[in-house]
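Undergrad: Below are the structure tokens for one structure; questions will follow.
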Amino acid sequence: MGAKICRDLQEVRDEIDRIDSGMIRLPDERGEYVRQAAAFKKNMSDVKAPTEWRR
């Protein structure tokens, strides 16, 4: 995925703002899923997920 060609400086700034917003939002969203996953894990053997670290 590459950057689009912007027509002016404002469009460049808008794209940077869009990316910055995602950089803030995505970790928060991921954290919500991590909390949900934790609710399914009742003991230490459930916590280990070695295949997840190989991606």
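Undergrad: On a 0 to 90° scale, report how tilted helix 9-40 is relative to the longest principal axis of the chain, with both axes built from alpha carbons and the result rounded to the nearest 10.
TA: Value to nearest ten degrees: 10.
Undergrad: Along Cα→Cβ, 7 Å out, is where each label goes; now give me the distance between the ones at residue 44 and residue 14 in nm to one decimal.
TA: Using points 7 Å along Cα→Cβ, the separation is 5.4 nm.
Undergrad: Going Cα to Cα from residue 42, which aspartates and glutamates come in below 20 Å? Please leave out same-chain ones fewer than 8 positions away.
TA: Straight-distance partners of residue 42: 32, 52.
Undergrad: To the nearest 20 Debye, how big is the dipole of the chain about its Cα centre, given +1 on the beta carbon of each Lys and Arg and -1 on that of each Asp and Glu?
TA: 460
Undergrad: So what does log10 I(q)/I(0) come out to for the chain at q = 0.14, 0.18, 0.25 Å⁻¹, using the Debye formula with one equal point on every Cα and no solvent?
TA: Once normalised to I(0) and log-transformed, intensities are -0.61, -0.76, -1.02.
Taken together, the values in this text are just the output of simple stated rules run on the coordinates, not laboratory data. Note that this is a predicted model, so its numbers are computed, not measured. Quick reminder, even Gly has a Cβ in these numbers, built from the backbone with ideal geometry, and neighbours come from all protein chains shown.
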